[in-house]
Amino acid sequence: MRAIITVVGKDKVGIVAQVTEKLAQNNLNIVDLSQTLMDDFFTMIILVEKDEEVDFRKLQEELTVTGQNLGLTIRIQNEEIFSAMHKI
Amino acid sequence: MDAKNILETIKMIEEEHLDIRTITMGISLLDCIDSNIDLACQKIYQKITSKAKNLVKVGSDLEEELGIPIINKRISVTPISIIGAATKENDYLPFAKILDQAAKDVGVDFIGGFSTLVSKGYQKGDQILINSIPEALTQTEFVCSSVGVASSKSGINMDAVRDLGEIIKQTGQKSKLGCAKFVVFANAVEDNPFMAGAFHGVGEADVVLNVGVSGPGVVKRSLEKIGFAASLDLVAETVKQTAFKITRMGQLVGQMASQKLGVPFGIVDLSLAPTPAIGDSVAQILEEMGLEQVGTHGTTAALALLNDAVKKGGVMACNHVGGLSGAFIPVSEDAGMIEAVLSGSLNLEKLEAMTAICSVGLDMIAIPITTPAATISAIIADEMAIGVINQKTTAVRIIPAPGKVGDEVELGGLLGTAPIMKVNPRSSTTFIIRGGRIPAPLHSFKN
């Protein structure tokens, strides 16, 4: 199972550290990570992988809490939704 | 994966109202037929609650996993007139009640199939079902009903059209929402996932999952980006590309849901279905093309372009296309349509013209409750004629409501607000009471 995590918000110290720590706790392996500033917003996209099934509901809840602490929006979505829309 | 693409998808969902409008499980009730209505109802309840047990859970799990809202989870069943005909009953209200209970217990938003197909004539169960409609829609919450009265192959059953004028009027008098849950069809389709017209056709598999997509907001936004100077070639191309992306979502959700439910995936219905939310309007797409307000001259042409481009873009995006597939123009569910009616730009006659080139018909239109039943029948007859001659599905969902022309009827939720529209006051009664059948049209010499 591969999932994409998007982190959007105002840049500050410790975003990458806190988000990746949360991912490690959930045994999610980071395959790719990119970050950029888009319209003055810090935008980070992380591709993660896990052998077993992922409990998206639970992970989303945890990431929402992490996001709230950092003042950011964090989403986790199955990678399929992006490849379905943008790849033939 | 390109970051721009990822963010585009997220923006479509969060800002432009991209959603999956419905996943609809079609369930055959043919194996529930019994001459004893109580036994038939028991079997129906058991079959629906076992087959659709996980439908809502799978739907909401997918919403979490993919991060895309699935607005409705629904069920469609075999037309109840077929099940009812085996019984000796004169009233099918018990069927409606058991469908309602099953829908409530599995947690779906609607259940469709309190229906019958009578384009060539009535069998015993048809008439009983039709007469049960006003009470069924008044006494249940989730049940939707439809009657197919016409087809390009058999013509228009004008006896049924006449009877349904009365039935709609009675339903409107008994219940505010009843008529919003009832549709009259020409060329009814067996795999439609949208309400109120969904039923599970007898040609379908035992259980199947159909998906209806949405996304008028996404199409409007894509047209905003190309600006007013772009030619209509580019407009059509842009709609096609956007429709492709929207429909891919439907295909993906359908595939994943059917896998998780262990049920075959039927079709994706490529419809642009508006909601009353600002920015989720089909009317506003037409206005984005350059019309001052929907209803003005040019509206039919703009809608024809939109409807065709949606289909062209969507067809390649999924394995099987079905249902109604096109742009919906329900008045009460579309903020731009409501505004156009209130400002006088859009009237019933122009809407009728628009239905000749798009799905699905005169939809969610309020008319004065004082409108004679024969006039309602005549409105239906006109719409059926458009469908029959053009070999397309058309429908009428019309709501007789208390109040005067221009008053607004609040229907709530996705059903929106319907402004009461003016109907032609001249009588159609003599034409309607003739009854009989309008013959099927000639299928050659098309000019």
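The values are calculated or read from the model by the stated rules, or taken from the named source; none is laboratory data. Computed from a predicted model, the values in this text were never measured in an experiment. Cβ sites come from the backbone with ideal geometry, for glycine too, and all protein chains shown count toward neighbours. Quick note on the areas: whole protein, heavy atoms, side chains included, nothing else; ligands and nucleic acids left out. Shrake-Rupley method; radii C 1.70, N 1.55, O 1.52, S 1.80 Å.
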Quiz item: Out of the residues in segment B:1-51 that are in contact with a Lys or Arg (Cβ under 6 Å, 6 or more places away or on another chain) and closer than 15 Å to B:Ile82 by Cβ, which is nearest to the other protein chains (Cβ to nearest Cβ)?
Solution: B:Ile27
Quiz item: Does A:Thr64 fit the bill of being touching a residue at least 12 places away in the same chain (Cβ under 8 Å), within 13 Å of another protein chain (Cβ to nearest Cβ) and open to solvent by 10 Å² or more (accessible area, probe 1.4 Å)?
Solution: no
Practice problem: Restricting attention to segment B:363-373, report how many residues are more than 18 Å from the chain's Cα centre (by Cα) and aliphatic (A, V, I, L, M). | Solution: 3
Self-check item: B:Asp159 being out of contact with any helix residue (DSSP H, G or I) (no Cβ under 7 Å at 6 or more places or on another chain), surrounded by fewer than 24 Cβ atoms within 10 Å (Cβ to Cβ) and part of a helix (DSSP H, G or I)
Solution: yes
Quiz item: Given the residues A:Ile30, A:Ile46, A:Ile4, which is the only one that is more than 10 Å from chain B (Cβ to nearest Cβ) and either buried (at least 18 other Cβ atoms within 10 Å of the Cβ) or touching a His at 6+ places or on another chain (Cβ under 6 Å) (or both)?
Solution: A:Ile46
Quiz item: In segment A:45-84, how many are closer than 20 Å to A:Met1 by Cα and out of contact with any Gly (no Cβ under 9 Å at 6 or more places or on another chain)?
Solution: 22
Exercise. Would you be able to tell me the number of residues in segment B:310-345 that are open to solvent by 10 Å² or more (accessible area, probe 1.4 Å) and in a helix (DSSP H, G or I)?
Key: 9
Quiz item: Looking at B:Val161, B:Val118, B:Val77, B:Val149, which is the one that is within 30 Å of B:Ile246 (Cα to Cα) and touching a residue at least 40 places away in the same chain (Cβ under 8 Å)?
Solution: B:Val77
Quiz item: Looking at segment B:79-150, what helices (runs of 4 or more DSSP H) fall wholly within it and have at least 1 residues that are within 23 Å of B:Gly323 (Cβ to Cβ) and in contact with a Lys or Arg (Cβ under 6 Å, 6 or more places away or on another chain)?
Solution: B:124-139
Exercise. Please find, within segment A:67-78, the residue that is most open to solvent (accessible area, probe 1.4 Å) out of those that are within 13 Å of chain B (Cβ to nearest Cβ) and not polar (S, T, N, Q).
Key: A:Arg75
Self-check item: Matching entry among B:Val360, B:Val409, B:Val405 (being more than 18 Å from the chain's Cα centre (by Cα) and under 30 Å from B:Arg21 (Cβ atoms))
Solution: B:Val409
Practice problem: Looking at (1) closer than 19 Å to A:Gln77 by Cα; (2) open to solvent by less than 10 Å² (accessible area, probe 1.4 Å); (3) in contact (Cβ under 8 Å) with a residue 12 or more places away in the chain; (4) not charged (D, E, K, R), find the lone condition where B:Ala52 falls short. | Solution: (1)
Exercise. Kindly list the number of the only condition in (1) in contact with a Lys or Arg (Cβ under 8 Å, 6 or more places away or on another chain); (2) open to solvent by 40 Å² or more (accessible area, probe 1.4 Å); (3) under 20 Å from A:Lys12 (Cα atoms); (4) within 12 Å of chain B (Cβ to nearest Cβ) that fails for A:His86.
Key: (3)
Quiz item: Looking only at strands (runs of 3 or more DSSP E) that fall completely inside segment B:346-447, which ones have 1 or more residues that are open to solvent by 40 Å² or more (accessible area, probe 1.4 Å)?
Solution: B:408-410
Quiz item: Any idea which residue in segment B:184-228 is least open to solvent (accessible area, probe 1.4 Å), counting only those that are assigned to a loop (DSSP other than H, G, I, E, B) and of a type in the set (D, E, K, R)?
Solution: B:Asp191
